[in-house]
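Down below is the structure, laid out as structure tokens.
The values are calculated or read from the model by the stated rules, or taken from the named source; none is laboratory data. Nothing here was measured: the structure is a model prediction, and the numbers come from that model. Heads up, the Cβs are rebuilt from the backbone with ideal geometry, glycines too, and the neighbour counts pull from every protein chain shown.
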Amino acid sequence: MHQSRGRDRRPARRTPSEPAQQLGFRLTALGADVVLVGFFSAKRKDFQALMASAAAELSARGARVVAQMVQRRGVSDGGALKMGLPYSSRTLLSYGKVREVAQACEQANAEAVVFVASLTARQRRTLTGMLGCPVVSLADILAGD
């Protein structure tokens, strides 16, 4: 006789091993080298000012911005309808941009990557694994003060 598949047969959902607050990178050491990454819609014309402001905030907290990368959404044909959406729900960026950020981290020997946009816990974990260094959003750093 066929046995029904009940809820008790599904694997349990994994819970994060660390609380969300411990995932954030702390700029404790003066002079920490960081890569600053921005994700902006093509409708945002002031993205350069936002990047400069973020770099100034990080410098005021003792970090050195060694590289800046920007991913813009909706610049190409066909992207205008999806401007508000991330390229990837896992990484926020396109795969090619993630590779560029990884290369910049490796070349500059960066200690962390700071995103101007807010990130989910899943995006932080995925990007940390892909880039090989802690990934945090600027909002997390500002909230930690």
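Can you name the number of the only condition in (1) in contact with a Phe, Trp or Tyr (Cβ under 8 Å, 6 or more places away or on another chain); (2) crowded, with 19+ Cβ neighbours inside 10 Å; (3) closer than 23 Å to SER41 by Cα; (4) in contact (Cβ under 8 Å) with a residue 40 or more places away in the chain that VAL113 fails?
Condition (1) is where VAL113 drops out.
Looking at the stretch 26-67 only, could you name the residues that are under 20 Å from LEU131 (Cα atoms), modelled with pLDDT of 90 or more and touching a Gly at 6+ places or on another chain (Cβ under 7 Å)?
ARG64
Given the residues GLN22, GLN107, which is the only one that is polar (S, T, N, Q) and at pLDDT 85 or above?
None of the others qualify; the one that does is GLN107.
Considering only residues that are touching a residue at least 24 places away in the same chain (Cβ under 8 Å) and closer than 19 Å to VAL101 by Cβ, which ones fall in the stretch 42-69?
Passing the criteria: PHE47, LEU50, MET51, ALA54, LEU58, ALA63, ARG64, VAL65, VAL66, ALA67, GLN68, MET69.
Please find, within the stretch 116-145, the residue that is surrounded by the most Cβ atoms within 10 Å (Cβ to Cβ) out of those that are over 20 Å from ALA60 (Cα atoms) and aliphatic (A, V, I, L, M).
LEU127
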